[in-house]
1. Quick check on ASP91: is it within 20 Å of LEU52 (Cα to Cα), buried (at least 18 other Cβ atoms within 10 Å of the Cβ), near the ligand (Cβ under 8 Å from one of its atoms) and among the charged types (D, E, K, R)?
2. Can you name the residue in the range 36-52 that is within 14 Å of the ligand (Cβ to nearest atom) and open to solvent by 20 Å² or more (accessible area, probe 1.4 Å) and is also farthest from ILE196 (Cα to Cα) among such residues?
3. Is there a residue in the range 53-65 that is open to solvent by less than 30 Å² (accessible area, probe 1.4 Å), over 30 Å from ASP254 (Cα atoms) and more than 10 Å from the ligand (Cβ to nearest atom)?
4. For the range 152-173, state whether one or more residues are in contact (Cβ under 8 Å) with a residue 60 or more places away in the chain and not in a helix (DSSP H, G or I).
5. Quickly run through the range 197-231 and pick out the residues that are open to solvent by 50 Å² or more (accessible area, probe 1.4 Å) and farther than 16 Å from SER151 by Cα.
6. Which condition number in (1) touching a helix residue (DSSP H, G or I) at 6+ places or on another chain (Cβ under 7 Å); (2) free of Cβ contacts under 8 Å to residues at least 12 places away in the same chain; (3) open to solvent by less than 70 Å² (accessible area, probe 1.4 Å) is the one that THR116 fails?
7. Hey, GLY126 hits all of (1) at pLDDT below 95; (2) buried (at least 20 other Cβ atoms within 10 Å of the Cβ) but one; which does it fall short on?
Amino acid sequence: MLREALDWMTTPADRLTRKSGQLSEFIAISSRRRRNRANWAFHEARTRETILSSAERADPDGTALVLGAGHLHDIPLLELSAKFGHVALVDLAFSWPTRRLATALKNVSCVRHDVTEAIQILATGGTRIPRPRALVDDDRITFVTSVNLLSQLPVQPGRLLEQQGLNADIVETVHRGLVENHLAWLARFRCPQLLICDRFYEVLDANSQVIEVIDPLHGVILPEPMARWTWDIAPFGEIHRNYAVLNRVVAIDDMARSR
Ligand SMILES: C[S@@+](CC[C@H](N)C(=O)[O-])C[C@H]1O[C@@H](n2cnc3c(N)ncnc32)[C@H](O)[C@@H]1O
């Protein structure tokens, strides 16, 4: 708890990221990862390999745009920095280790940006979310990847709306819109794209039987994946001693072609 409180105070983030609960969530991810490092290793390795093999399709003279880079646990930053002219990491916040590494690598920048372009609107009582437009016309970008980010987009905004007392149908429409808009935004980039995201969460009982399947994408249909794997995200004891959660992850390249 003390470590988390210190991280919350010292991690650079704007007021909205702090107030909306996004910074707490950002720090909580790192704590969960510290507790489950061995169980998460396979997923992180698959994510890194998939990013590198997908990046082979891209022009290395340009910029690789990495969305949801966060703590870099699942990002092969050294290899991307060696391969591309420039790497732009995008997230709501960056830890100090990420910032230090970015500075040392010289061709890496940390861009604090809300990829939904909606949090400000939702935090001030609005419910009409815009279609994200940032960067799609930037011809220097030759590769874009959204990394384990999509399912997170509706989480804190949804909580904000619930706190404002909005009805469940409106909240669900916003959830779905945030997911759809992110997919549409990725598809608009005129370069190779790669989406890696949670597809389903499976809740297991003490006998390791699946007792519930949760769709974190709120019913949005994805194109056919080119790879799938399982992330042992919450082994027994992480959330409850009698229940565990498995995360079914998919990788989809070239959103524009597949949608
Ligand atoms: C599950 S983490 C991905 C793992 C991350 N690469 C890591 O190593 O910790 C999801 C990331 O998405 C970021 N994120 C969530 N909502 C965002 C938004 N609206 N705009 C930009 N980043 C966002 C979080 O801050 C977090 O770092």
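1. Yes; evaluated as a whole, the condition is true for this residue.
2. Here is the first cut: in the range 36-52, the residues within 14 Å of the ligand (Cβ to nearest atom) are 36-37, 40-41, 43-48, 50-51.
Add one more test, that the residue is open to solvent by 20 Å² or more (accessible area, probe 1.4 Å), and what stays is 37, 41, 45-46, 48.
Details: ARG37: 19, ALA41: 16, ALA45: 13, ARG46: 10, ARG48: 10 Å.
In this case the residue turns out to be ARG37.
3. Initially, the range 53-65 is screened for residues open to solvent by less than 30 Å² (accessible area, probe 1.4 Å), giving 54-55, 58, 62-65.
With over 30 Å from ASP254 (Cα atoms) added as a condition, the list becomes none.
Within the range 53-65 (the criterion being open to solvent by less than 30 Å² (accessible area, probe 1.4 Å), over 30 Å from ASP254 (Cα atoms) and more than 10 Å from the ligand (Cβ to nearest atom)), the answer is no, since none of the residues qualifies.
4. Going through the range 152-173, the residues in contact (Cβ under 8 Å) with a residue 60 or more places away in the chain turn out to be 152, 154-157, 159-160.
With not in a helix (DSSP H, G or I) added as a condition, the list becomes 154.
Yes; the residues of the range 152-173 include at least one that is in contact (Cβ under 8 Å) with a residue 60 or more places away in the chain and not in a helix (DSSP H, G or I).
5. ALA206, ASN207, SER208, GLN209, VAL210, ILE211, GLU212, GLU224, MET226
6. All conditions are met except number (2).
7. Only one criterion in (1) at pLDDT below 95; (2) buried (at least 20 other Cβ atoms within 10 Å of the Cβ) is unmet by GLY126, namely (2).
Yes or no, residue by residue, for (1) of a type in the set (A, V, I, L, M, F, W, C); (2) modelled with pLDDT under 95; (3) at negative phi:
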{"site": "ASP14", "(1), (2), (3)": "no, yes, yes"}
{"site": "SER30", "(1), (2), (3)": "no, yes, yes"}
{"site": "ARG33", "(1), (2), (3)": "no, yes, yes"}
{"site": "THR47", "(1), (2), (3)": "no, no, yes"}
{"site": "ALA55", "(1), (2), (3)": "yes, no, yes"}
{"site": "THR63", "(1), (2), (3)": "no, no, yes"}
{"site": "GLY70", "(1), (2), (3)": "no, yes, no"}
{"site": "LEU78", "(1), (2), (3)": "yes, no, yes"}
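The values are calculated or read from the model by the stated rules, or taken from the named source; none is laboratory data. Quantities reported herein were computed from a predicted structural model and do not represent experimental measurements. Cβ coordinates were reconstructed from backbone atoms using ideal geometry, including for glycine residues, and neighbour counts include every protein chain displayed. Ligands, DNA and RNA are stripped out before the accessible areas are found, and what is left, the full protein with its side chains, is counted by its heavy atoms. Shrake-Rupley method; radii C 1.70, N 1.55, O 1.52, S 1.80 Å.
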